[in-house]
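S.K.: Right, I'll just put the structure down here and ask away after.
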Amino acid sequence: MLERPLAARPAPAIRFVDLQAQRARLAGRIDAAIQRVLGHGNFVLGPEVAELEQKLAGWCGVPHVVTCANGTDALNLALRARDIGQGDAVIVPAFTFVAAAEAVVLAGATPVFADVRESDFTLDPASLEAAIAEARRQGLRPAAAVAVDLFGQPADYPALEPIARRHNLYLVADAAQSFGASLNDRPVGGWGDVTCTSFFPSKPLGCYGDGGALMTTDSAVAGLYRSLRMHGQGEDRYDHHRIGVNSRLDSLQAAVLLAKLEIFQDEIEKRQIVAERYGAMLGERVTLPHIRPGARSVWAQYTIRVRNRDTVAQRLRERGVPTAIHYPRSLSAQPAYAAFPCVGIPVTERLAREVLSLPMHAYLDMEQQDEIVARLIEAVS
Ligand SMILES: Cc1ncc(COP(=O)(O)O)c(C=O)c1O
């Protein structure tokens, strides 16, 4: 009997973020780590959490890392620990994920929205100044600003920090998308007055559920975060010094993160290679992301700008290339946040119409990268 020729194997589907490929690489290690947690049964703030906090501190060169339940809580705890609340204004970029604004409102303060810079999508120092003035005009006390390291690149802290100091603002670094990145050879974690991050699964360093952390150089502040994340607990379990929350990290999530931390540097390098290949192949056909001199991104997103964005996204979808829009609306245009003060945000409004994020992860092979670029060039032509 004649053998039928083997059909050509279909190319694997392109994924926007490929957690399955990472899982295949780490399966043995993660499964063993999970088994260890199941064995000791210390499920919340267990030994893996302490080990993770120590390793993260070593990673980012900051003495204290306090984990919590998610990145939004990290932002909220940072503000609460500073007693930021009613009557206080916190400046938030209008072009970011909603969490920063949400954390401000949950703390009882008022978000004041500012614009981002056209070149790198991070908080615009001039707009920060305008938002501080606007807050005062509205009778609020400018108390803090949240600088977001959007898409993996640190915000321009050398420009933002002097403004924060001059106005006595507490500078919160939202590093939910940038843990592992650096600026002027200083890792993310050491910029601003406190750094908050997220371990949501699709983040560059993500767990298998929710998780977050705060980073600080101040041991007393770290102690306050530890108390706040645990019902405001004092020395003793049933001793409550302040109103806290329940925002602790599970040992299972810490175990997953410890396993992933072992390959994190390698993954960051692979993401960098993907970003460089995208840039080299796309050239000037679209507006490429811009990384400032001295900054190293972890490429949480590879976000380009195109004029006819929705048509391009639709064409790519039809050709099997998934994309995402981060973010299609300014925070100030969200119904829940429309009533809060906002300065002029022309850049945010333009970006919301033009940005398009391409698939980005450490497991995109060259063939897939070539396919994505070829389809994109076709779609914009
Ligand atoms: C910039 C930014 N800040 C904060 C968060 C909130 O993190 P989490 O989802 O862990 O609460 C996210 C997560 O999506 C984010 O992208």
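S.K.: For the range 292-327, what are the residues that are closer than 19 Å to Lys203 by Cα and either of a type outside the set (Gly, Ala, Ser) or assigned by TED's automatic domain parsing to the domain that holds Asp115 (or both)? Break it down into steps so the answer makes sense when it comes.
M.R.: Going residue by residue through the range 292-327, those that are closer than 19 Å to Lys203 by Cα are 295-304, 322-327.
The answer is Arg296, Val298, Trp299, Gln301, Tyr302, Thr303, Ile304, Pro322, Thr323, Ile325, His326, Tyr327.
S.K.: A follow-up question, please. Just checking, which of Pro346, Pro341, Pro335 is touching an Asp or Glu at 6+ places or on another chain (Cβ under 6 Å) and farther than 30 Å from Phe264 by Cβ?
M.R.: Details: Pro346 fails: touching an Asp or Glu at 6+ places or on another chain (Cβ under 6 Å); Pro335 fails: touching an Asp or Glu at 6+ places or on another chain (Cβ under 6 Å).
Among Pro346, Pro341, Pro335, only Pro341 is touching an Asp or Glu at 6+ places or on another chain (Cβ under 6 Å) and farther than 30 Å from Phe264 by Cβ.
S.K.: Using the structure shown, decide if Val37 is under 21 Å from Leu150 (Cα atoms), away from the ligand (no atom under 16 Å from the Cβ), aliphatic (A, V, I, L, M) and more than 19 Å from the chain's Cα centre (by Cα). Give the steps one after another, and end with the answer.
M.R.: On the way: under 21 Å from Leu150 (Cα atoms): no; away from the ligand (no atom under 16 Å from the Cβ): yes; aliphatic (A, V, I, L, M): yes; more than 19 Å from the chain's Cα centre (by Cα): yes.
Spelling it out, it is not the case that Val37 is under 21 Å from Leu150 (Cα atoms), away from the ligand (no atom under 16 Å from the Cβ), aliphatic (A, V, I, L, M) and more than 19 Å from the chain's Cα centre (by Cα).
S.K.: Among (1) under 30 Å from Ile372 (Cα atoms); (2) surrounded by fewer than 18 Cβ atoms within 10 Å (Cβ to Cβ); (3) not basic (Lys, Arg), which single condition is Tyr238 missing?
M.R.: (1)
S.K.: A further question on this structure: Based on what the data block shows, is Gly223 within 16 Å of the ligand (Cβ to nearest atom), closer than 22 Å to Leu52 by Cα and not β-branched (Val, Ile, Thr)?
M.R.: Numbers: within 16 Å of the ligand (Cβ to nearest atom): no; closer than 22 Å to Leu52 by Cα: yes; not β-branched (Val, Ile, Thr): yes.
Judged against the criteria, Gly223 is not a match.
S.K.: Continuing with this model, one more query. Quickly run through the range 49-92 and pick out the residues that are under 16 Å from Ala144 (Cβ atoms) and not in a helix (DSSP H, G or I).
M.R.: Of everything in the range 49-92, those that are under 16 Å from Ala144 (Cβ atoms) and not in a helix (DSSP H, G or I) turn out to be Arg82, Asp83, Ile84, Gly85, Gln86, Gly87, Asp88, Ala89, Val90, Ile91, Val92.
S.K.: Identify the residue in the range 143-188 that is of a type in the set (D, E, K, R) and within 14 Å of the ligand (Cβ to nearest atom) and, among all such residues, is farthest from Val65 (Cα to Cα). Quick ask: steps written out before the conclusion?
M.R.: Looking only at the range 143-188, we keep the residues that are of a type in the set (D, E, K, R), and these are 149, 156, 161, 165-166, 174, 185-186.
When the remaining residues are screened for being within 14 Å of the ligand (Cβ to nearest atom), the result is 149, 174.
Details: Asp149: 18, Asp174: 14 Å.
Ranking the candidates gives Asp149 first.
S.K.: Checking Leu171 against (1) over 23 Å from Glu269 (Cα atoms); (2) out of contact with any Lys or Arg (no Cβ under 8 Å at 6 or more places or on another chain); (3) surrounded by fewer than 22 Cβ atoms within 10 Å (Cβ to Cβ): exactly one of these is not met. Which one?
M.R.: With respect to (1) over 23 Å from Glu269 (Cα atoms); (2) out of contact with any Lys or Arg (no Cβ under 8 Å at 6 or more places or on another chain); (3) surrounded by fewer than 22 Cβ atoms within 10 Å (Cβ to Cβ), Leu171 is out only on (3).
S.K.: To continue, here is another question. Determine which member of the set Asp120, Asp88 is within 16 Å of the ligand (Cβ to nearest atom), acidic (Asp, Glu) and surrounded by fewer than 24 Cβ atoms within 10 Å (Cβ to Cβ).
M.R.: Numbers: Asp88 fails: within 16 Å of the ligand (Cβ to nearest atom).
Within the list Asp120, Asp88, the selection yields Asp120.
S.K.: Further question: Pick from Leu128, Leu75: which is touching a Cys at 6+ places or on another chain (Cβ under 8 Å) and closer than 26 Å to Trp299 by Cβ? Before you say what the answer is, go through the steps one by one.
M.R.: On the way: Leu128 fails: touching a Cys at 6+ places or on another chain (Cβ under 8 Å).
Within the list Leu128, Leu75, the selection yields Leu75.
S.K.: Against the condition more than 16 Å from the ligand (Cβ to nearest atom), of a type in the set (Val, Ile, Thr), under 18 Å from the mean Cα position of the chain (by Cα) and under 14 Å from Thr67 (Cα atoms), how does Thr216 come out, does it pass?
M.R.: Values: more than 16 Å from the ligand (Cβ to nearest atom): yes; of a type in the set (Val, Ile, Thr): yes; under 18 Å from the mean Cα position of the chain (by Cα): yes; under 14 Å from Thr67 (Cα atoms): yes.
For Thr216, the condition - more than 16 Å from the ligand (Cβ to nearest atom), of a type in the set (Val, Ile, Thr), under 18 Å from the mean Cα position of the chain (by Cα) and under 14 Å from Thr67 (Cα atoms) - is met.
S.K.: Related question: Just for the range 188-229: of the residues that are among the hydrophobic types (A, V, I, L, M, F, W, C) and part of a loop (DSSP other than H, G, I, E, B), which one is surrounded by the fewest Cβ atoms within 10 Å (Cβ to Cβ)?
M.R.: Going residue by residue through the range 188-229, those that are among the hydrophobic types (A, V, I, L, M, F, W, C) are 188, 191, 194, 196, 199-200, 205, 207, 213-215, 220-222, 224, 228.
Restricting the remaining residues to those that are part of a loop (DSSP other than H, G, I, E, B) gives 188, 191, 199-200, 205, 207.
Numbers: Val188: 30, Trp191: 29, Phe199: 31, Phe200: 20, Leu205: 22, Cys207: 24.
If we take residues in the range 188-229 being among the hydrophobic types (A, V, I, L, M, F, W, C) and part of a loop (DSSP other than H, G, I, E, B), then Phe200 is surrounded by the fewest Cβ atoms within 10 Å (Cβ to Cβ).
S.K.: State the number of residues belonging to the range 64-85 that are without any contact (Cβ under 8 Å) to a residue 40 or more places away in the chain and either within 13 Å of Phe340 (Cβ to Cβ) or buried (at least 24 other Cβ atoms within 10 Å of the Cβ) (or both). Walk me through how you get there before you give the answer.
M.R.: In the first step, residues of the range 64-85 are kept if they are without any contact (Cβ under 8 Å) to a residue 40 or more places away in the chain; the result is 83, 85.
Next, only the ones that are either within 13 Å of Phe340 (Cβ to Cβ) or buried (at least 24 other Cβ atoms within 10 Å of the Cβ) (or both) stay: none.
Adding up the residues that qualify gives 0.
S.K.: Take the range 337-375 and flag every residue that is closer than 28 Å to Gly206 by Cα and free of Cβ contacts under 8 Å to residues at least 24 places away in the same chain.
M.R.: Within the range 337-375, Asp365 is the sole residue that qualifies.
S.K.: Now, a different point. Checking the condition outside the structural domain of Glu349 (by TED's automatic domain parsing) and in contact with an Asp or Glu (Cβ under 6 Å, 6 or more places away or on another chain), which residue from Ala143, Ala131, Ala164, Ala159 passes?
M.R.: Answer to the selection: Ala143.
S.K.: Could you list, in sequence order, the residues of the range 345-362 that are surrounded by fewer than 18 Cβ atoms within 10 Å (Cβ to Cβ) and not charged (D, E, K, R)?
M.R.: Pro346
S.K.: Considering only residues that are over 20 Å from His231 (Cβ atoms), within 16 Å of the ligand (Cβ to nearest atom) and within 17 Å of the chain's Cα centre (by Cα), which ones fall in the range 41-70?
M.R.: Leu56, Val65
The values are calculated or read from the model by the stated rules, or taken from the named source; none is laboratory data. The structure presented is a predicted model; accordingly, all values stated were derived computationally and were not measured. Positions of Cβ are backbone-derived with ideal geometry, glycine not excepted, and every protein chain shown enters the neighbour counts.
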